[in-house]
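**Q** Please see the structure below; I have some questions.
Bear in mind these aren't lab numbers, they're just calculated from the coordinates by the rules spelled out. As the structure is a prediction and not an experimental result, all values here were calculated from the model. Glycine gets a Cβ as well: all are built from the backbone with ideal geometry, and neighbour counts include every protein chain shown.
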């Protein structure tokens, strides 16, 4: 378990992390989302003792990371995929890490196989692609068979096969009861991998809950309906409890009424529906809504050719 309480980090006058509280539970994949500069990496670095908090605490399995007697056996960490010594082979890089915790060569070979690096185990890391470095970093994180896994952007540089592999691996680790904290900017991967979601913006937690609850709470769902009697259906449904909006393609989008209620009312009125579907908000919609006012780095709007001529 990871427990963060009132965690705060100042860099001079800049507040990078501002009194953050959250718990990452075993048996789940917890996604950690936020814009660039929101405090994700700083928070993760404080959890594993690489940055000292200005205030507050971060504990893994009830202790600060620095107090763990054998951290590699309790916490597997990937924060920088290109941290390996470029002149070492993948095997020797992992062997050197394993030696710090008396982990044998057999386990080194095992995690090389788990990461799909058998064919390049004796190649120097300096010639690795980003995706191969990611696999090597994940292999290092798994060396001690830790209960807690912390990965920062692990799918960066992975090809489609690699993405499927890391997705399955994270689900497997959570299924074994391990605690998994994962940061990524890829919403599609979060949607398919994460059970729980933390969203941070400008150093503060904006959302903390099961993924589906975070999405439902930050987005709206609508029911899309198509009928040849759109005007009559709109008049029938519009009221204090529901809003109806006509779309350019002739369809209606109704808020605050369930599809079943709409279909029943249409049937009672003798209105034939040619299409009816509930459209839920996506994780991307929820993320953009939650961070709309908390994005520090935002590109300016480009001028159009017409605007440039004015």
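**Q** Could you identify which residue out of 181, 95, 142 has the top mean-square fluctuation in a GNM of the chain using Cα springs shorter than 10 Å?
**A** Sorting by GNM fluctuation, first place goes to 95.
**Q** If I take every Cα pair under 8 Å that is 6 or more residues apart in the chain, average their sequence separation and divide by the length, what percent do I get for the relative contact order?
**A** This gives 21 percent for the chain.
**Q** Quick check: from the Cα gyration tensor, does the range 220-279 come out rounded (a/c under 1.5), prolate or oblate?
**A** rounded
**Q** May I pose another question? Out of 84, 55, 263, any idea which swings most in a Gaussian network model of the chain, alpha carbons joined below 10 Å?
**A** 263
**Q** Give me the percent of DSSP beta bridges within the range 2-217 that run antiparallel, rounded to the nearest 5.
**A** Taking every DSSP beta bridge within the range 2-217, about 55 percent pair in antiparallel fashion.
**Q** Right, here's the next one. Using R₀ = 30 Å, calculate the FRET efficiency as 1/(1 + (r/R₀)^6) where r is the Cβ-Cβ separation of residue 70 and residue 10; round to 0.05.
**A** Computed FRET efficiency for residue 70 and residue 10 comes out at 0.40.
**Q** Classify the range 1-148 from the C-alpha gyration tensor, please: rounded if a/c falls under 1.5, else prolate or oblate depending on whether a/b exceeds b/c.
**A** The shape class here is prolate.
**Q** Based on alpha-carbon centroids, what's the gap between the range 94-117 and the range 133-190 in Å, whole number please?
**A** 17
**Q** Continuing with the same structure: Quick one: grab the alpha carbon gyration tensor of the range 113-155, order the square roots of its eigenvalues as a ≥ b ≥ c, and give me rounded if a/c is under 1.5, else prolate or oblate depending on whether a/b is larger than b/c.
**A** oblate
**Q** Grab the DSSP H runs of the chain that are 4 residues or longer, score each as -39,500 (n - 2.57), total them, divide by all residues and round the 222 nm result to the nearest 500 deg cm²/dmol.
**A** -9500 deg cm²/dmol, from helical runs alone.
**Q** With springs connecting C-alpha atoms under 10 Å apart, model the chain as a Gaussian network and identify which of 41, 183, 129 has the largest mean-square fluctuation.
**A** 129
**Q** Testing the spin-label approximation: label points 7 Å from Cα along Cα→Cβ at residue 236 and residue 1. State their distance in nm.
**A** 5.3
**Q** Once the piece of chain linking residue 192 and residue 261 is laid out straight, how much longer is it, given 0.36 nm per residue of separation minus the C-alpha distance between them?
**A** Stretched out fully, the residue 192 to residue 261 stretch lengthens by 21.8 nm.
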